[in-house]
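**Student:** Sharing a structure here in structure tokens format.
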């Protein structure tokens, strides 16, 4: 049976091969989430609407896991306002299936990628300005239709 060693709470678990890391950690009382995200994390998968949780990032040492998907890498790198540098051993606990012995470090230090963050925020600013202008044009057209201008 594969052994999962958690460094932060100093706990060792023996799990069956193919066990989900997040489920095993939560069952054994290991805190994967920071205090804010313990209350406000969202893992939504309803048909075409998919919004996977991105707050259970862990650092894994060892080869006893499944491969990281491209979608998981995008989530680990950050979604909206802040982009992070992604090390190959950073994973989402909810996406990891344990197949061998691993060592897990919860709440790893995440490094911000300043260039990508600046580019992302610039893109979001342009989108926001475009949507604001479209709303203004629709409002002017609506007021013109009711002859208020």
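The values are calculated or read from the model by the stated rules, or taken from the named source; none is laboratory data. The structure presented is a predicted model; accordingly, all values stated were derived computationally and were not measured. When we count neighbours, we look across all protein chains shown, and the Cβ atoms used for this are built from the backbone with ideal geometry, even at glycine.
**Student:** Within the stretch 98-147, can you find the residues that are farther than 14 Å from residue 80 by Cα and surrounded by 13 or more Cβ atoms within 10 Å (Cβ to Cβ)?
**Tutor:** Scanning the stretch 98-147 gives 98, 99, 101, 102, 103, 104, 105, 106, 107, 108, 110.
**Student:** Search the stretch 86-101 for residues being in contact with a helix residue (DSSP H, G or I) (Cβ under 8 Å, 6 or more places away or on another chain) and over 18 Å from residue 24 (Cβ atoms), and hand back the single one that is modelled with the highest pLDDT.
**Tutor:** So the residue we want is 90.
**Student:** Given the structure, is residue 59 in contact with a strand residue (DSSP E or B) (Cβ under 9 Å, 6 or more places away or on another chain), touching a residue at least 12 places away in the same chain (Cβ under 8 Å) and in a helix (DSSP H, G or I)?
**Tutor:** Judged against the criteria, residue 59 is not a match.
**Student:** Hey, could you check the stretch 65-83 for residues that are crowded, with 16+ Cβ neighbours inside 10 Å and at pLDDT below 85 and say which is farthest from residue 114 (Cα to Cα)?
**Tutor:** 72
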